[in-house]
Amino acid sequence: MRVWKCGRYALELDRPLVMGILNVTPDSFSDGGEHEGPLEALAWASRMCEQGADIIDVGGESTRPGSVEVTVAEELARTRPVIARLVTDAPPVVVSIDTRNAEVAVACIEAGADIVNDISGFRDDAMVRIAADSDAGVVIMHMLGEPGTMQDAPRYDDVVDEVRGYLDGQAIRLVRAGIAEERIAIDPGIGFGKTLEHNLELLRSLPALAQLGFPLVVGASRKRFIGEITGEQHARERVGGSVAAALWAAAQGADVLRVHDVAATVQALRVTDRLAGE
């Protein structure tokens, strides 16, 4: 059986895992300000665990298109106390830190985080060193440019080939730095420097990414491309489209689904499993 090794846990990949999004930010594109305080964040994380989340992904910096960077001190103040409380006070669950800052990553690993989910794809040598010095699982994500400018007319000659090549190259880089292959997962970065057509092409080509051999993470939840397809302008009203994208991704080889709507996603996965006779 395939396993993704993440800190305290060895996650079996015999079914799609659900990664619940916990944004402790005032300005995230979908749920900014809803779980900003530690008590609110802990309560929502516990609720997602009850709904069936396998992983809780904590983020302290909005990386929506056009977002402005926050200071490391601010990001740490938002995330570290929440992670520490999740590890000690919440139901047992794998905890992930969603960050591109090395100082935040190391502090949150020390607080108990099992996964470092880096939207910048471990471009920073310091992030690579921190991962190599820990036993945390890592998620290498593809992003074109930076959050503030990534949606300014993104262009590719071949989006699937370029994203696949980047993820493969960064995975090789991490292995050479001493990070075991069993700890590495990859994410094509749906919505991060991609147009509607880029996103659709990547989602249709997930099997080609899965062939790289690493656990495949897909986060399409409530993204703009779903609104472009459906005409729904409000992110929190894109639940149906998000679940459809999650089911598609799972059917195409995704191992981890990063979602806002845990209950709806888990319910849909259970029904499709039963229909498949599993």
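Observations
- Accessible area of residue 260 in the full protein assembly, 1.4 Å probe (Å², nearest 10): 20
- Spacing of the two label points (7 Å from each Cα toward its C-beta) at residue 157 and residue 3, in nm: 4.1
- For segment 131-193, applying the loop criterion from DSSP together with a ceiling of 10 other beta carbons within 10 Å to the trypsin sites (Lys or Arg not before Pro) yields 155.
- For residue 229 and residue 110, the FRET efficiency from 1/(1 + (r/R0)^6), where r spans their Cβ atoms and R0 equals 51 Å, is about 0.75.
- Share of carbon and sulfur in the accessible heavy-atom surface of the chain [1.4 Å probe, %]: 49
- Per residue, the accessible area of segment 201-265 comes to 41 Å², computed with a 1.4 Å probe over protein heavy atoms only.
- For the chain, the mean residue ellipticity at 222 nm estimated from helices alone is -13000 deg cm²/dmol, where every DSSP H run of n ≥ 4 contributes -39500 (n - 2.57) and the total is divided by all residues, rounded to the nearest 500.
- Local electrostatic count, residue 94, Cβ distance below 14 Å [Lys/Arg +1, Asp/Glu -1]: -3
- With all protein chains modelled, accessible area of residue 5 [1.4 Å, Å²]: 100
The values are calculated or read from the model by the stated rules, or taken from the named source; none is laboratory data. Just so it is clear, the model here is predicted, and its values are computed rather than measured. Quick reminder, even Gly has a Cβ in these numbers, built from the backbone with ideal geometry, and neighbours come from all protein chains shown. Side chains are part of the model used for accessible areas, which takes the heavy atoms of the whole protein and leaves out ligands, DNA and RNA. Shrake-Rupley method; radii C 1.70, N 1.55, O 1.52, S 1.80 Å.
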